[in-house]
Every structure is written in C-alpha cells, then in structure tokens.
There are 4 protein chains.
Amino acid sequence: MSNLPKIAWIGLGIMGSPMAENLIKAGYTVTGYTLEADKLERLAAAGGTAATSAAEAVTDADVIITMVPASPHVEALAYGPDGILAHARRGALLIDMSSITPQTSIDLAKAAADKGIRVLDAPVSGGEAGAVEAVLSIMAGGEQADFDAARPLLEALGKTIVLCGPHGAGQTVKAANQLIVAVNIQACAEAVVFLEKSGVDLTAALEVLNGGLAGSTVLTRKKDNFTNRDFQPGFRIDLHHKDMGIVTDAARTVGAALPVGTLVAGLVASLRAQGDGGLDHSALLRGVERLSGHTTES
Amino acid sequence: MSNLPKIAWIGLGIMGSPMAENLIKAGYTVTGYTLEADKLERLAAAGGTAATSAAEAVTDADVIITMVPASPHVEALAYGPDGILAHARRGALLIDMSSITPQTSIDLAKAAADKGIRVLDAPVSGGEAGAVEAVLSIMAGGEQADFDAARPLLEALGKTIVLCGPHGAGQTVKAANQLIVAVNIQACAEAVVFLEKSGVDLTAALEVLNGGLAGSTVLTRKKDNFTNRDFQPGFRIDLHHKDMGIVTDAARTVGAALPVGTLVAGLVASLRAQGDGGLDHSALLRGVERLSGHTTES
Amino acid sequence: MSNLPKIAWIGLGIMGSPMAENLIKAGYTVTGYTLEADKLERLAAAGGTAATSAAEAVTDADVIITMVPASPHVEALAYGPDGILAHARRGALLIDMSSITPQTSIDLAKAAADKGIRVLDAPVSGGEAGAVEAVLSIMAGGEQADFDAARPLLEALGKTIVLCGPHGAGQTVKAANQLIVAVNIQACAEAVVFLEKSGVDLTAALEVLNGGLAGSTVLTRKKDNFTNRDFQPGFRIDLHHKDMGIVTDAARTVGAALPVGTLVAGLVASLRAQGDGGLDHSALLRGVERLSGHTTES
Amino acid sequence: MSNLPKIAWIGLGIMGSPMAENLIKAGYTVTGYTLEADKLERLAAAGGTAATSAAEAVTDADVIITMVPASPHVEALAYGPDGILAHARRGALLIDMSSITPQTSIDLAKAAADKGIRVLDAPVSGGEAGAVEAVLSIMAGGEQADFDAARPLLEALGKTIVLCGPHGAGQTVKAANQLIVAVNIQACAEAVVFLEKSGVDLTAALEVLNGGLAGSTVLTRKKDNFTNRDFQPGFRIDLHHKDMGIVTDAARTVGAALPVGTLVAGLVASLRAQGDGGLDHSALLRGVERLSGHTTES
C-alpha cells in the first residue's frame, strides 16, 4: 500500500462520502475534511482519518480531491488562508470534482501552477447511485500526464473516464451534460402532457417511445417519476438551476447560441420561483402541467 | 399457409417495400399497389402480386395495409372512387401505418365503421434500417380485438408493438416521438457547438456524455453525423417539418403547452426555408452553427 | 343621396353594429342581417332595414359588407345555398372586414370572380372604441379600382385606410398586427414582473418607459390594466388565440421564421388552457406572474 | 450663477459630451475628465474646464456626474486610488448616468455613504439625438431628497425625469427599457419578413400597423431602417447585448421569468456571433431574414 499516493479528500456530502469510501476500499490512505462532524465520523468509521482543518488534511497529501457545491466553495478552499494553495506541497495533484464554471477551473489551474501544484478538473455525472456503485462518468480537463497519473485512482470511482481537453474542459462537458439533460427532460414532460391530454395510455406510450429514436437514459430513469408524479429528489431543481446558469454564461462567453437551452434555463428558474426548487428535476413536468391547465397536483 | 389472412399492401416506398417483403417472407400472400411501376416489379420479384389499381388490390383482402406519405394520400386512398371504403369487403381490417394527424385516423375509423370495415392506426419508428430488419417500433390505436388480430402480422414487421389507446392514439404517440426526437437533436446540436467553441475534444465529449444521464438513442445514432457534419439522410428535415406540424397542431387542439416543442418546430421550419429540407434531421446542427457564427460548411 | 351605393351588412356584433350605424349616419341605405334578433332591432332603430335572411339582404345590394368571427363563418356566408355568391348580383362589391386567414380571402376572391362579384378583404384594428368613434385602421387587399370605389364608404368607418397589396394582403397585415401586439404585450408583462420583483414603483416606471424608445400604443392603452390587474376585456385571449393560429399558419406556409411569435402563440394558448380565455389579452401578465411565482391573483 | 452647484463630469463620449455641454449652456460651471484628449479640448471650447485626472475633477465639485460604458468602468472610477470615493468631498452628490447592473449601483451607494457621499443612479434613454436636444428620458434611483436636489440640473439634460425607487431602481427601469425595446424590434422584424414573403407592400403595411395597437416608438423610428435595410448605428448590437446580459442576470436574481426576453437575448447574442455586433439593433431583422432564407444582404 505504501506506493499508492496519499489522499486528502475535502467535501464529504451525498456524493463525496461514498466516493471517499470507495478510495479507502481500493486501498488508499484517505485523510478527510468537511464542516459536518458526523460526516467526519462516518469517514473515520470507514477507515479514513478525520482532519481538523483543510490545511491539516492537505499538508502531506500527494493527491488532494475536492468535491464541494459551487465555485465560491472551491475558491474559498483554494485561495483562503487555511487553504490548499497555501498549505499543499509542491508537486501535489489537486483534482477538483465539483461542478463549477469552466473559468474558475482555468483560473485555479493557473494560480496553482505558480505554487508548483498540478490541477485537473474532473466533474462527474451519475448521481448518488453512481457514486455508491463507483460507476460515475468522469469528464476531465487538464494535462495528459496528470490525467494518466490520476487514472488508477479515478477508476476506483467511476466507469467512463475521459480526458476532454485542457483545463476547464471537464467543466465544459459537464455543463453540456446538464444542458442536454434539462432539455430532454423538458421534451419528455411536454410529450407526457400532450399524451395524457390526448387520452393515450401513458405507460404504454412511454414504453414504445423508449424503444425508438426518442429513447434515452432520461426516459429510462425518470419514466416512473413522470407516471407517478413522484418528484422526490434525486437531483434537485435548485442544483440544476445553478448548472443552467453555468452553461448559459459559458455559452455567452464563447458565443455559442443556445436558443432552446436558454428557454429551458428559464423554465427551470421559473419552477424555482414557484417554490419547487427542492423537487427532482423531473418536476419540469409540473411546469408544463401548469402551462397546460392540466393539474394533477394534490 | 391457407389460414393466414390475405394482405393488400398500398404504398411501396422506402419503408413500404421492405415491410411488404417481410410479410411475404413470413408466409403471407401479398397483393400490392403503388404508383411507381418499378416498385411493383420489385414486389412481384419478391413473391408478391402486382395489382393495377388500389380497388383491385383491396377487393379480396382480409387485411389492407397502407403506408403513404401524409394525410391527403390516406384520405384519397380511403375515400376516392377507386378507394378502400368503396371496394374493401365488410369485415376487412385496414391498418394504416402512415404517419398522419390523429384526427384523420379518428375520422377514417368512423367512416370505415359505417361500411363494416375495422381500422387500426399503426405508425412506426425506426427508419429504413428498422423496416428492412423488421425491428420497427409500432405504436397502435384502435380496438383491443383488432389489435390482437393484427399482432401476429405486425410481429413480422417490428419488435416493440404496443396498443396505446383508442383510434388516433398510435398517431398521437408517433407525434410525441417526433417531438422528443427533434428537441433532443436540437439539444445535442447546441451542446456540440458549445463544446467546439469552448475548445473541447468533441469525440471524447460525446462519448462521456452518452455514458451518463445525457445519453440517448439520438446521441448513439447521430454522433457521427454531428462529428463529421455528414447530413446525408437518413430522415429528412422536410418530413420532420411535416411531423412537427402534426404535433404542434394536435397539441393546440388538446390544449397542451409545448413551449420548447414549438420553438424547435420553428427551427426545423427555418432550416427548410434556408434550403436544407433534403438533409438529415441531424442538420439542426447547421442551424445552431449559423446562429453561432461557427461555420464549418464547405 | 340616391347615388350612394346600397349596402347589405351581415354580422352585427360588438364591432359590426356600431360600424353599420356609422354608415347610416353618413347617409347610406343599409339592409342588415345577423342571427340575433335584438341586434336587428337595434339596426332598425338606427335607421336601417332588417332582413330575414342573408339572401334577402344581399339580393339588391351594390356593396355587401361582412363582419363575422372567423373563416368558417365567412365560408358559410359566401358559399352556402342561402349565401352571397348564390344571391348577389353581378358587379356587386363584397367587402369582408372579418379577420380570417389570408388563404380564405384569396379563395373567396377567385370564387366570387367566377360570378362577376368583386371582393376586397378589409380587416380592421382599433377595437370597439375605434368602431364606435369611426377611427379604425383598415388594412385592405384586392384591386386598386375596387379599393378606390370603396374608399368613400370606408372613410365613414375608419381613419387610416390603406391598400396593402393583392387579395389576402389585408388579412396578412392584420395577422402581422396581431403578432406585434401579442409580442409587445408579453414584453411589457415580463418587464412589469421584473420591475415589481425588483422593488420599483411600477407607475413611475411605466411612465418613463412610455416616454422613451420602449413607448408604444400597447403601453399607453394597457398601462392601467397592468397596474390594476384589471383584465376585463377589451380584446379576449380566445380571439387573440385564434389570430395567433392564423399568423403562425400563414408564416409556416410562406416560410417566414417567427421564433418569438411562435413562443408567444404558445403562451397565449397556455393562458387559454388555464381557463383565462375570456380575459383581456393584457392578461398575458398573469402567465408571467405564475411563471415567476409572483401571484397577485385574489 | 454663483449659487449653482459646481459640476465634475467624467466620461465625454457620444452621449456624455453633448450632455455636459447642455449643462454649460444652462449656466453651470463644468470641469470634465475623460481619457481622450480631443474630447477634453471640445469641452474646453464649449466653455468647460479640462482636468488632468478624475481626482482633480472631483475634488472641489458639489455634483459629480459619471457617464461611462459599463459596470467595470464605474467601479474603477469610484473605487480606484485616483477615484471618486477617495477624492470627492463629504456631502457631494454623485449622479451615475451610465447603464450598469442594478447591483453595482446599490453597492456603490452603500460604499459612498460610508464616505458621506450621496448617490443617485440615473441612466437615460433617447440616444445621441436625445442627448444633443436635451430631451432624454431619465430614470432615477435613490433618495427623494437627493433626487429633488438634482432635478434642476437633470432638467437641463432631459424631458421625462422620474424617480423610480431606491438605489438601483433607475438601472432596473433602464434594463426593463432595453428588454421591451429588443423584444419589440424582434416582433417588428418577424412581421417584416412575414409581410414581404407574403407579397405585401411593406411601406403601406408599416404605415397602417403603426396607426393601430401595434404602433410604437420603435416602429416610428426604425421603420426606414427596416424598409431600406439601413443598419448604420444608431444603437449598436454590441451595446444591446451588454444590456440584455444585465436584464437577464437581474431577472434571474429576483426570480422574474423572461421566457421571451431570454430568447431575444439569445438572438441578439447570435447576431453578434455572426459578426453584426457593430450594426444598429434594428439589424435583428437580418437574423430573421437568415432564419427565413430571405436574404436581401448584398
């Protein structure tokens, strides 16, 4: 075990906890830090070491992995006085698996390089189940050599692991992922209301639709959410709203037209404004129902 | 073989010809009619019988199958003086596999019932390859008994075969299929331009996207069209334009909101107005490229 | 007065009644027909003559004016056995002031020409107030000579009277009018919710907005509807929904892209689906409020 | 004249120069600063005093007026070491007439209050002509007392001058103005292409449209741009793009749905991506033409 890199893991939420535990199972030495005491206890129980600060966690690490909610959290962790750039050793590899703006990843890589710290952005897709089962899709951005060095470790976390381009490219692909997912959920939601209002058997229809060119992972995984109006998360509208902000801003910066993407971003924002931010993103169906006067809400 | 129903097949285009031949291979006696002489010769060569008119084809048939481009063709075939309602025998089953408006199917079923003729609407999804390989998805509308009677025959044509509701329900589901497909192609097209303008490796990105929640049959089948800008049809923009007209009209009739669907219908219409009606529907990518000033056209 | 043309007026609704009365005031002999007895009595009281059928009204007329709700009413009036083409004399001038599809006007002109009857399409803008005060905008399509002949009469009904092109052109311009009006109402509605949610004084804001490049007749006339959430019609959502159907269909036929127009057509349809079809079109504000979780509904 | 406040004017561009000169004409003592030497010479020739730095300009001023392109310029001017907060005297009134984000105005007012400096945000609408002729619409945010103090001075610059709410409210109303303007231009552009493709006389049509409920200041001022395809600015797409960013961001922050506004923001961005950023905003017509395959470009 001694020739495996020593890991610091920061951010032990719904995704981070099972991911860190998968590294421990794979034989890595993991020192973790997060703000919630119970999550640190859980890590310790799984065989990891609980640090009392981010600085303590990263000081001796070969690889530092961050998995936090949004750009400001990454920036605070990286640049703060108790943070990574101030305390990690030269030559360490920082893998940020959070979903943040591509520009934040690019800026971080540059600032870290000045300290001799290498960076990969490596956000994931696949949800809590994918984290637990170590079948996440991992979309990385950065240098080939750093990606090659990280790959064995990433293979303990996910199944599809691809280097997509330079720093920020992983975040860009994650943003594209969220774009396609939101639009496809909306398309299915419009189809559901259209089918129901037309008097069609929804279960039969979704089965045959999923068997043809309209088939998708969204339809497979969210079919029951649609049919049963079960909008327990899953992936919350609030988070998808954050992500639609990332993709529309990034698209505006590079000059890519998203006529449908921006409309759907607005519909996601609208659901949130109506108080549905805590529901699963399949609740886009609720928005279409309201627009159609087709209320099944109880 | 003598107890299999006798089939009349009208409409021997890109889809109809291989479908009729699959029935012949399955042991059915098929008498065909279409306007193009070479298609009739092809049917005869495959073991079918060429009729000289629709009336001649349908007179003795137990089951009449129509596979023609649009509502006016179905109406002319059904109601014309040389047509099906005038010449089919009482008790015959008419299976219309064309993609037309649900209302046309409903009206046809009613008019046919007055003549003692039963009707199913049974449009398909899966394209020329699905027709040739007999793996079409078939979405039917009509009476359960008629569907049960037709099922053995339909199993010689497709793989997923589902009764979705009353008359017109098959067309409604087909319309929903075309809605989801067009919107998802557009979502992928927006993602492609966003990825390229962001400097990401497109091939790597599409691979990882297809492995996660953004994955879909569209992404699987159209990936190479996107990457290579290969817009040879495939399924033509002109036909998808017709279908978007069906779904937006039908949704308007039943009062279902399609904010994203109508926007995409407009983008499909726009491509056609720009002279791209003959291209594959993956050419929605061209529209996004133009809107983004990201021209790869030669 | 004997050299003024004899008028038949068919359709005495909210618009038709005051318009017919304005002709009577201007000295014309007007024979009217409509389905509602009380409207015929009102016409007689104003100095007109009530006919017992359309046929009776039109038989001796020099000029026949129709003002009815939609295309099917015009077609029934024109082509029915009791109708205009069957009973008007050769050389009569038919002025259809209804708002219908351009194609219906084109077809009518052609059919009427076969009977020696001349036709103008001449829909109006300006609402009930404009009809009463004879200040309507009248947008005509047809032959210059027929327009010149009709002009003195039209001047008794409106203020801005323009020949816009061949048969159907008046309807096309009316359709464009309804497109711009709906989109501009929606723009104002989005601005209103944005302003209120931002804590701005709405009355002050609308005053200054109307003084700049954002100023419009919509803002002038509908300002109080927005401020007071007073959605008594006025012009009903149901009617604007019909008109958005005309413009989106006609645009589809000629290949004109309406990305924003079709989205707004969907929002109008959505209001109707939510049961607000009977409200004034300024109620598009309600739709934006709901999408924004900004409910002021009581 | 000695009891008129002493003015410092920073930012002497297309708008700022004539505005500052209008103050001089009204009897005010104006010390100006800008980066371009020729603009300072022009101010001196008009009777003002050219300062060699912002600090020098503001030191003795009773009222400081800023008119610069965007939020970063305002922030640099306000917070920089040579800037306003560092050098203006306690009790001075800072009137920022730039069009920037509401949040920047709110933050500035707070920071300035710590230094005893009062602030109004007072962006304008009306363009270069409005600036020269002193008929601008001025939409202000801030304290009533400060607005009252500023009014005599503002009356030398504009015609419609309204306090719309607290700090930032002026910017919010300006953002709403730009929203309505862009959407209404787009509506007119869609109507123009629809009318031309339908064979209607555009000049006649726009005349009658402007006379009815579709009438607007946009139609009045931009009619000739549409008819002649004259897209010389005027107000550039690049600037309207910046403003659409402000309004969509601000709406997202307060939770106001802009389904049509965000779509139009995308169309503005798209024109820019196609290289038309330097054209007048009426060039949204070009975008509709391209979407409609209706090219009149030479």
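The values are calculated or read from the model by the stated rules, or taken from the named source; none is laboratory data. All values reported here derive from a predicted model rather than from experimental measurement. Every residue, glycine as well, gets a Cβ built from its backbone with ideal geometry; the counts of neighbours run over all protein chains shown. Surface accessibility is based on the protein's heavy atoms, side chains included, excluding ligands, DNA and RNA. Shrake-Rupley method; radii C 1.70, N 1.55, O 1.52, S 1.80 Å.
Just checking the listed ones, B:L209, B:L179, B:L85: in the Gaussian network model of chain B with Cα springs under 10 Å, the one fluctuating most is B:L209. Rolling a 1.4 Å probe over the heavy atoms of the protein chains gives the range C:172-291 an accessible area of 26 Å² per residue. Let's test the formula: R0 of 22 Å, r as the Cβ-Cβ distance of C:D224 and D:D148. What FRET efficiency results, to the nearest 0.05? It comes out at approximately 0.20. In straight-distance terms, cross-link reach from A:K223 covers every one of the aspartates and glutamates whose alpha-carbon lies under 17 Å from its own, apart from those fewer than eight places away in the same chain; here that gives A:E190, A:E196, A:D201, A:E207, A:D280, A:E289. In this view, the solvent-accessible surface of D:T262, computed with a 1.4 Å probe and all protein chains in place, comes to about 30 Å². Note on the range B:7-166: dipole from Cβ charges, positive end direction compared against B:T160, B:P102, B:G13; the farthest Cα belongs to B:T160. For B:E155, the solvent-accessible surface with a 1.4 Å probe is about 100 Å², rounded to the nearest 10.
Backbone amide hydrogens, once placed in the peptide plane, bring C:V119 within less than 5 Å of C:L94, excluding anything fewer than 5 places away on its chain. The accessible area of B:I84, taken with all protein chains in place and a 1.4 Å probe, comes to roughly 0 Å².
In chain A, Cα pairs under 8 Å separated by at least six residues give a relative contact order of 13 percent.
Springs between Cα atoms under 10 Å define the GNM used for chain D, and in it the highest mean-square fluctuation of D:R151, D:R252, D:R236 occurs at D:R252. Remark: the range D:26-37, residue by residue, has Karplus-estimated 3J(HN,Hα) of 7, x, 7, 8, 10, 9, x, 8, 7, 7, 8, 4 Hz, where x stands for each Gly or Pro and the curve is 6.51 cos²θ - 1.76 cosθ + 1.60 at θ = phi - 60°. Remark: the range C:216-225, residue by residue, has Karplus-estimated 3J(HN,Hα) of 6, 5, 4, 5, 5, 7, 9, 3, 5, 4 Hz, where x stands for each Gly or Pro and the curve is 6.51 cos²θ - 1.76 cosθ + 1.60 at θ = phi - 60°. Can you bin the range B:1-143 into rounded, prolate or oblate? Criterion: square roots of the alpha carbon gyration tensor eigenvalues sorted a ≥ b ≥ c, rounded for a/c under 1.5, prolate for a/b above b/c, oblate for the rest. Here the range B:1-143 falls in the rounded category. Here each label is just a point 7 Å from Cα along the line to Cβ, and for C:L35 and A:R90 those points are 9.1 nm apart.
Put a dot 7 Å past the Cα of C:T52, heading toward its Cβ, do the same for C:K6, and the two dots end up 1.8 nm apart. Please tell me which of these pairs span more than 24 angstrom C-alpha to C-alpha: D:K39/D:K174; A:K25/A:K174; D:K174/D:K222; B:K197/D:K197; B:K174/C:K242? The answer is D:K39/D:K174; A:K25/A:K174; B:K197/D:K197; B:K174/C:K242. Chain B comes nearest to the axis taking it onto chain A at the Cβ of one residue; that residue and its distance, in whole Å, are B:S216, 2.
Here A:G47 yields copy-to-copy label distances, from shortest upward, of 6.3, 8.6, 10.2 nm, the label point defined as 7 Å from Cα along Cα to C-beta.
Per residue, the range B:7-166 exposes 39 Å² of accessible surface when a 1.4 Å probe is rolled over the protein heavy atoms with every protein chain present.
Applying 0.36 nm per residue to the separation of C:A129 and C:T253 and subtracting their alpha-carbon distance, the gain on full extension is 41.3 nm. Within the range A:7-166, DSSP assigns beta bridges of which about 10% are antiparallel (rounded to the nearest 5). Just checking the listed ones, D:A134, D:A189, D:A205: in the Gaussian network model of chain D with Cα springs under 10 Å, the one fluctuating most is D:A205.
Under 5 Å between amide hydrogens, built in the peptide plane, is the criterion, and for C:G158 it picks out C:L136 among residues at least 5 positions away or on other chains. Net charge of the neighbourhood of A:A214, taken over other residues with C-beta under 14 Å away and scored Lys/Arg +1, Asp/Glu -1, is +2. In this assembly of identical copies, the label point of C:H73 (Cα plus 7 Å along Cα-to-Cβ) is separated from its counterparts by 3.9, 5.6, 6.1 nm, sorted shortest first. Here r is the Cβ-Cβ distance between A:K159 and B:A26 and R0 is 51 Å; the resulting FRET efficiency, rounded to 0.05, is 0.80. Of the residues in the range C:256-291, those shielded by at least 30 Å² of accessible area once partner protein chains are present, compared with the chain alone at a 1.4 Å probe, are C:A256, C:A257, C:P259, C:V260, C:T262, C:L263, C:S270, C:A273, C:Q274, C:L291. In the range C:172-291, Cα pairs under 8 Å separated by at least six residues give a relative contact order of 39 percent.
Remark on the protein assembly as shown: Rg and Dmax equal 33.8, 114 Å (Cα only).
Here the protein assembly as shown exposes an accessible surface that is 52 percent carbon and sulfur, computed with a 1.4 Å probe and the other protein chains kept in place. Ordered by solvent-accessible area of protein heavy atoms (1.4 Å probe), largest first, the residues B:S216, B:S198 come out as B:S198, B:S216.
Position D:V135: other-copy label points at 2.1, 7.0, 7.1 nm, ordered by increasing distance, label point 7 Å along Cα→C-beta. From the alpha carbon centroid of the range B:1-80 to that of the range A:179-239 is 36 Å. Interface of C with B. Using a 1.4 Å probe and counting protein heavy atoms only, the two chains hide about 900 Å² of accessible surface, both sides summed.
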